[in-house]
1. Exactly one condition in (1) in contact with a Ser or Thr (Cβ under 6 Å, 6 or more places away or on another chain); (2) more than 20 Å from Leu22 (Cβ to Cβ) is not met by Arg105; state its number.
2. Got a number for residues in region 45-83 being out of contact with any Lys or Arg (no Cβ under 8 Å at 6 or more places or on another chain), of a type outside the set (A, V, I, L, M, F, W, C) and without any contact (Cβ under 8 Å) to a residue 24 or more places away in the chain?
3. Output the residue which, of all residues in region 19-44 that are acidic (Asp, Glu) and either in contact with a helix residue (DSSP H, G or I) (Cβ under 8 Å, 6 or more places away or on another chain) or without any contact (Cβ under 8 Å) to a residue 24 or more places away in the chain (or both), is surrounded by the fewest Cβ atoms within 10 Å (Cβ to Cβ).
4. If you check Ala100, Ala110, which single one turns out to be touching a residue at least 60 places away in the same chain (Cβ under 8 Å) and surrounded by 14 or more Cβ atoms within 10 Å (Cβ to Cβ)?
5. Within region 108-145, how many residues turn out to be of a type in the set (Lys, Arg) and either farther than 24 Å from Asp73 by Cα or modelled with pLDDT of 95 or more (or both)?
6. Please determine, by comparing only the residues of region 49-84 that are of a type in the set (Ser, Thr, Tyr), outside any strand (DSSP E or B) and at pLDDT 95 or above, which one is farthest from Asp95 (Cα to Cα).
7. Quick check on this structure: which one of Ser48, Ser66 is surrounded by 18 or more Cβ atoms within 10 Å (Cβ to Cβ) and hydroxyl-bearing (Ser, Thr, Tyr)?
Amino acid sequence: MNVFATDSHQSYFGFKIPYLELLGVEPISCENDTAVTRMKMRHDLRNSRGHIHGGAIMSVLDFTLSAAARSIDPTGFGLATIDMTTSCFEPAVTDLIVEARCLRRGKSIAFCEGEARDPSGKLIAKASASFKIMKIDPPAIRDAI
């Protein structure tokens, strides 16, 4: 069952996603086959070297890429990650801006790519992923939550 955001909760382009709240991910935009998010540098996201942990970077990339695939109808269908390839180029020591785009969306699979950059535009990591497109709960159930 999907949990849709209400006025009292952070909305991640229509959904309540507690894991993203835990990471401090901020949704910026989701439209026209693109999505943008931000993740602020926080002490509790750091690894032993003081950089943002790679798992946190991969998580925000995964979500932002999937949001780009959903951008044509953000709450009309759900996605499950099939595979994701991530390349890290620099350690993340500041906030991150993640920009993603959907390259192709079929009836059952969407293909996306995106980058995580620091505020100066330096490329920190990039990812490509494929997602299974799935039906979600009917609107009547969504509205009841």
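1. Tallying (1) in contact with a Ser or Thr (Cβ under 6 Å, 6 or more places away or on another chain); (2) more than 20 Å from Leu22 (Cβ to Cβ), Arg105 fails exactly one: (1).
2. Result for region 45-83: 5.
3. Asp44
4. After ruling out the rest, the residue left standing is Ala100.
5. 4
6. Within region 49-84, the match that is farthest from Asp95 (Cα to Cα) is Ser66.
7. Step by step, each of Ser48, Ser66 is checked, and only Ser66 is surrounded by 18 or more Cβ atoms within 10 Å (Cβ to Cβ) and hydroxyl-bearing (Ser, Thr, Tyr).
The values are calculated or read from the model by the stated rules, or taken from the named source; none is laboratory data. Quick caveat, the model's predicted, so the values are computed rather than measured. Glycine also receives a Cβ, built like all others from the backbone with ideal geometry; neighbour counts cover every protein chain displayed.
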